[in-house]
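Q: A single structure is presented below for examination.
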Amino acid sequence: MGKTCNINRRGALQVLAGTVVGTANFPGSLTGATGQRHPKFFHRDEFEMLDVLSEIIIPADDHSPGAHAAQVAEFMDELISQAPEKTRQLWRQGLARIEGMANAQYRRRFMACSADEQTALMRLISQNEESPQQLEEKFFVGIKRATIDGYYRSAIGIHTDLQYQGNKYIRAFPECNVSK
């Protein structure tokens, strides 16, 4: 019978991010970010919304800080500021769609919604993640990927969450017995 593997969300994100640790830092990487006051692409309200959405995707927990502390919204702003116009439109329209959904569902702006209401909206737009059809579903796929990429390119993601200590020289591999 097959072996059952219990993994939590953070563990799954760590597996997905495993290849990111070995890649070169993206220009504007968060590793040494000092805090951006004026977003490059997004309007201030859009930027704040990205910050909340990314924190919903990777929240702080007892193991490590979340996407907010890792300044993932800054990473996304840098990323999208350099993206093709079609991608920039998708992100702007995706944020507008979520804003519209918050108004329709809760009769208030997304940022005025409770944390539970914001999370419920994220659950709604993530339901068709494997085969996104609607604008908000396509946006969710993009923001989730960018959140994971930004988080695991940050010092918090790499060192605190993954506990990466850097490359270490190993004199011998006792488990490997290579015979000629």
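Q: What order do you get for LYS86, LYS144, LYS40, LYS138 when you list them from fewest to most C-beta neighbours inside 10 Å?
A: LYS86, LYS40, LYS138, LYS144
Q: Most exposed first by the Cβ proxy, i.e. fewest other Cβ within 10 Å, how do GLU137, GLU85, GLU117 rank?
A: Ordered from fewest to most neighbouring Cβ atoms within 10 Å, GLU137, GLU85, GLU117 come out as GLU85, GLU117, GLU137.
Q: Test of understanding: express the Cα radius of gyration of the stretch 37-176 as a ratio to 2.2 N^0.38 Å, with N the residue count.
A: Ratio of Rg to 2.2 N^0.38 Å for the stretch 37-176: 1.21.
Q: Which entries in LYS40/LYS86; LYS138/LYS168; LYS144/LYS168 show an alpha-carbon gap greater than 29 Å?
A: Over 29 Å Cα-Cα: LYS138/LYS168; LYS144/LYS168.
Here, each number is a calculation from the coordinates, and none is a lab measurement. Everything numeric here is computed off the predicted structure, so don't read it as measured data. Counting neighbours? That spans all protein chains shown, and the Cβs are built from the backbone with ideal geometry, glycine included.
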